[in-house]
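Some notes on the structure that comes next.
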Amino acid sequence: MRAHFNPRKLIHALLFLCIFITLTIASFYAARAIEQSDVARELVATFGYLGVLIVAIIAGLNALIPIPAATFVPIFIAGGLSMPIIIATLVAGTVMADLVSFYLGRFSSDYVTKNYPSTYAHIVHMYENHSRWLPVFVFAYAAFVPFPNEAYLLPFGILGIPVRRFIVPVILGNIVYQTLAVYGVQNVFLYFF
């Protein structure tokens, strides 16, 4: 049977894309304004890498408006922080946020199994049939997919998958993602702004 075209879904997808692009552009302008602000520089000087960590945790937990923490790198650079340490701090904050998402899934496991048994059965089925690909999937998603890691970490928590099964690929993927994002955002920012 042929799939039916749904114009409402297309409109919703386009609307989401427009909102995402608008928020991303707005964050570049906000970063530029903040970068030139003496108050922002004082805050970076005061909080330093702790501020980078806090931004990374908040950005890592933000599934509704996923603005990468790397967007704010020009502010951190203007504050005199070191690029490699910024990247390491962004990775640490993102991994902390990822673990919060995982444990939120673990905490909500009973609720999901009782109230959404078909969803739970689907998650179990996916895991049982594709678990050997888990490390590859986690690394590739964390490294190259610009969407929140909650998309797979919440189900991992619901299933009770041990952290040791995915923590190394999460860390390595976040290192790749943050490095690409930081250098990419910095170059785009410098080129256009």
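The values are calculated or read from the model by the stated rules, or taken from the named source; none is laboratory data. Quick caveat: nothing in here was measured; it's all calculated off a predicted structure. Cβ sites come from the backbone with ideal geometry, for glycine too, and all protein chains shown count toward neighbours. Accessible surface areas use protein heavy atoms only, side chains included; no ligands, DNA or RNA. Shrake-Rupley method; radii C 1.70, N 1.55, O 1.52, S 1.80 Å.
Listed by first and then second residue, the pairs linking a residue in the range 140-158 that is touching a residue at least 12 places away in the same chain (Cβ under 8 Å) and outside any helix (DSSP H, G or I) to a residue that is open to solvent by 30 Å² or more (accessible area, probe 1.4 Å) and among the hydroxyl-bearing types (Ser, Thr, Tyr), with Cβ atoms under 9 Å apart and 6 or more places separating them unless they lie on different chains, are Pro146/Tyr177; Phe147/Tyr141; Asn149/Tyr141.
Of all residues in the range 139-165, which are within 18 Å of Ile58 (Cα to Cα) and open to solvent by 70 Å² or more (accessible area, probe 1.4 Å)? The answer is Pro146, Phe147. For Gly60, the conditions (1) part of a helix (DSSP H, G or I); (2) touching a Gly at 6+ places or on another chain (Cβ under 8 Å); (3) more than 16 Å from Leu153 (Cα to Cα) are fulfilled apart from (3).
If you check Gly60 against the conditions, is it at pLDDT 75 or above, exposed (fewer than 11 other Cβ atoms within 10 Å of the Cβ), within 25 Å of Val176 (Cα to Cα) and among the small types (Gly, Ala, Ser)? It would help to see each step written out before you state the result.
Details: at pLDDT 75 or above: yes; exposed (fewer than 11 other Cβ atoms within 10 Å of the Cβ): no; within 25 Å of Val176 (Cα to Cα): yes; among the small types (Gly, Ala, Ser): yes.
No; evaluated as a whole, the condition is false for this residue.
From the list Val176, Val170, Val136, the one residue that fits, being open to solvent by 60 Å² or more (accessible area, probe 1.4 Å) and among the β-branched types (Val, Ile, Thr), is Val136. Residue count for the range 73-117 under the criterion of being open to solvent by 60 Å² or more (accessible area, probe 1.4 Å), of a type in the set (Phe, Trp, Tyr) and touching a residue at least 12 places away in the same chain (Cβ under 8 Å): the result is 2. Under the condition of being of a type in the set (S, T, N, Q) and closer than 27 Å to Ile58 by Cβ, the residues counted in the range 91-135 number 4. Flag: Gly184 matches the condition of being under 30 Å from Leu81 (Cα atoms), surrounded by fewer than 18 Cβ atoms within 10 Å (Cβ to Cβ) and either at pLDDT below 90 or in contact with a Ser or Thr (Cβ under 7 Å, 6 or more places away or on another chain) (or both). Candidates in the range 40-57 are the residues that are surrounded by fewer than 14 Cβ atoms within 10 Å (Cβ to Cβ) and aliphatic (A, V, I, L, M); of these, the one that is modelled with the lowest pLDDT is Ala45. For the range 96-110, a residue qualifies if it is within 15 Å of Arg165 (Cα to Cα) and aliphatic (A, V, I, L, M), and exactly one does: Leu99.
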